[in-house]
Each structure stands twice: as C-alpha cells, then as structure tokens.
1. Can you show me the helix-derived [θ] at 222 nm for the chain, built from DSSP H runs with n ≥ 4 at -39,500 (n - 2.57) apiece and divided by the number of residues, rounded to the nearest 500.
2. Please compute the Kirkwood hydrodynamic radius over region 18-140, one decimal place, Å, based on all pairs of different Cα atoms.
3. About the Cα centre, and with charges only on the beta carbon of Lys, Arg (+1) and Asp, Glu (-1), how big is the dipole of the chain? Nearest 20 debye, please.
4. Using the Karplus equation 6.51 cos²θ - 1.76 cosθ + 1.60 (θ = phi - 60°), what ³J(HN,Hα) coupling, rounded to whole Hz, does each residue of region 4-18 give in order, writing x for Gly and Pro?
5. Would you please give the residues with an amide H less than 5 Å from that of residue 3, counting only those at least 5 places away or on a separate chain, with H modeled from the backbone geometry?
6. Of the listed pairs 10/95; 28/95; 28/84; 16/37; 10/40; 16/84, which have alpha-carbon separations greater than 21 Å here?
7. Taking every pair of alpha-carbon atoms in region 55-124, give the share separated by more than 15 Å as a whole percent.
8. If we restrict to alpha carbons, what Rg and Dmax does region 1-65 come to, in Å?
Amino acid sequence: ATQRTLSIIKPDAVAKNAIGEIISRFEKADLQVVAAKMLKLDDDKAGGFYAEHKERPFFKDLVGFMTSGPVVVQVLEGEDAIAKNRELMGATNPKEAAPGTIRADFAETIDANAVHGSDSPESAEREIAYFFGADEICPR
Ligand code: CMP
C-alpha cells in the first residue's frame, strides 16, 4: 500500500554536502518527496522527537549530535515507503550496514549515522505531525 514516512538527513550528512545524493537514492527507489525543510533543532525539539529514548544511556549524546548542525526533514511517499526507506538506509550502526546502503556509504558512527527513518506506521504518523502541518505536505 502507499505509505508516508519521515526521513531526516542528519547533521553529519548535511556537513558532507550529501543532501542531494541521499534524496536521489529515495527518488531512484520511487519514493517521492512530498514535504521538505531545513531546520536547526534545539534541545527541546530534538529531545521531544526522541522522547521514547529519554531513559537510554545514549540520549544526551543523541540530542547533542542532532543539535550540532542543520538537518533536512522530509516526508517520503510511495509503495511500502516505511520498509523501503529502512532498506535504503541500512542498519542503525553503520559498521553493520549492508554495502550500498546510505549508512554504509555516508555514515561513520552510530550517532553520526547520516539518516533517520520512521520504524512503523504509528511512528511515521507521529513523526510527520511533529515536523509538518497538513498544509505543508504536497502530494503530487
Ligand atoms: P535513529 O534511527 O535516528 O534513532 C535513534 C538514534 O539513536 C539512532 O538512529 C542512533 O543514531 C542513536 N543511537 C546511539 N546509540 C544507540 C544505540 N545503542 N542503539 C540505538 N540507537 C542508538
């Protein structure tokens, strides 16, 4: 079925000037960008986004990294978009990411791992609404 998912190009990939190369991979896989913006997250916005990880030992480093530079948040739409995006991204830890995936090609560490993608329909719905109003999403 057609789905929407939230994608974030993280500060490390933006700093590498890889925004276009990453979005190109989405487009070549038949995912359409139906919303996009560049943002500099603050502690509250990044912490709220990752609220489910609040008690995890890596939370502070995660928020510190996500606020270290601009990010590009996008809504991707397409057939099976959530799983498709996760396949394109590869494993969370770039050392475990399959060859040819975004994280294998662009990421260095588990925090600086280039991209985020929603992991379920429920998180996609929450994450999209966290960054975009309905009037900012432009289906073709
Ligand atoms: P992301 O998909 O954005 O969701 C949470 C992020 O926490 C994850 O990518 C990683 O960048 C980061 N992270 C850091 N350490 C860990 C860990 N041990 N397990 C999972 N995620 C981690």
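Rule-based calculations on the coordinates, nothing more; no lab input. Quantities reported herein were computed from a predicted structural model and do not represent experimental measurements. With ideal geometry, Cβ positions are generated from the backbone for all residues, glycine too; neighbour counts draw on all protein chains shown.
1. Theoretical 222 nm ellipticity from helices: -10500 deg cm²/dmol.
2. Hydrodynamic radius (Kirkwood, Cα only) of region 18-140 equals 15.1 Å.
3. About 240 debye.
4. Per residue, the Karplus-derived 3J(HN,Hα) values read 10, 9, 9, 10, 10, 8, 7, x, 5, 6, 5, 4, 7, 6, 9 Hz.
5. Under 5 Å from the amide H of residue 3: 78, 79, 80, 81.
6. Distance filter (> 21 Å) returns 28/95; 16/84.
7. The proportion of pairs with Cα distances above 15 Å equals 59 percent.
8. When restricted to the Cα atoms of region 1-65, Rg and Dmax are 14.0, 37 Å.
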